[in-house]
Structure formats: structure tokens, C-alpha cells
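The values are calculated or read from the model by the stated rules, or taken from the named source; none is laboratory data. Because the structure is predicted, anything quoted here is derived from the model rather than measured. FYI the Cβ positions are ideal-geometry reconstructions off the backbone, even for glycines, and counts take in every protein chain you see. Accessible surface areas use protein heavy atoms only, side chains included; no ligands, DNA or RNA. Shrake-Rupley method; radii C 1.70, N 1.55, O 1.52, S 1.80 Å.
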Amino acid sequence: MSERRAAECFPVSDFINEELKSRGWDVARFAREAGINHLFASALVKGSSAVPITKPVAEALARAFGTSHELWLNLDGSYAKHVGRFP
């Protein structure tokens, strides 16, 4: 029987940064696309723990990147469980 390994989990900010890089966007463009202010967008990009991924935040991310808000909530929830921070 093979041993099970946990999947790697990453903070949402890592995914945001990958999206920004692949699209060639800076934080200002991200803020415009998400419909959020620049300071808030910057905090998301930096992965500030003061910015939880709530449903409205997930909806802003979905708006910017053309995904579902559930994707962002699930990514954050998986990471929270991985590091022992339960939503």
C-alpha cells in the first residue's frame, strides 16, 4: 500500500501574484479590474493577514480574473486547514 502525501497548499496571495504575472498586470490594474482600492489590492498581493478572504473579497477576485468566487474561498480554506488556521 502506498503512502499518502498531502497536496501542497499555498496562500491566496501566491495565486494572485501568478495571475498578475501571467496577465502582465500591476497592482493598479488589478485594483481596477477587481473594483477595489489600490491599498486593499496591495494588501491582497502581499498576503496581509489583516485581509481575510471573505465572500465579497472572493467576488472581487472572481471579477478580476474571470473565475468563480468559490474558487478563491476554497483556495483560502484549503490553505487555512493546511497551516492550522480554520476559517
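Return the residues of region 46-62 that are within 9 Å of TRP72 (Cα to Cα) and touching a Pro at 6+ places or on another chain (Cβ under 9 Å); say none if nothing qualifies.
Scanning region 46-62 gives a single hit, ILE53.
Residue-wise test of (1) open to solvent by 60 Å² or more (accessible area, probe 1.4 Å); (2) touching a helix residue (DSSP H, G or I) at 6+ places or on another chain (Cβ under 7 Å); (3) in a loop (DSSP other than H, G, I, E, B).
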position	(1), (2), (3)
PHE10	yes, yes, yes
LYS21	yes, no, no
ALA28	no, yes, no
ILE36	no, yes, yes
ALA50	yes, yes, yes
VAL57	no, no, no
TRP72	no, yes, no
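Of all residues in region 74-87, which are outside any helix (DSSP H, G or I) and of a type in the set (A, V, I, L, M, F, W, C)?
PHE86 - this is the single residue of region 74-87 that is outside any helix (DSSP H, G or I) and of a type in the set (A, V, I, L, M, F, W, C).
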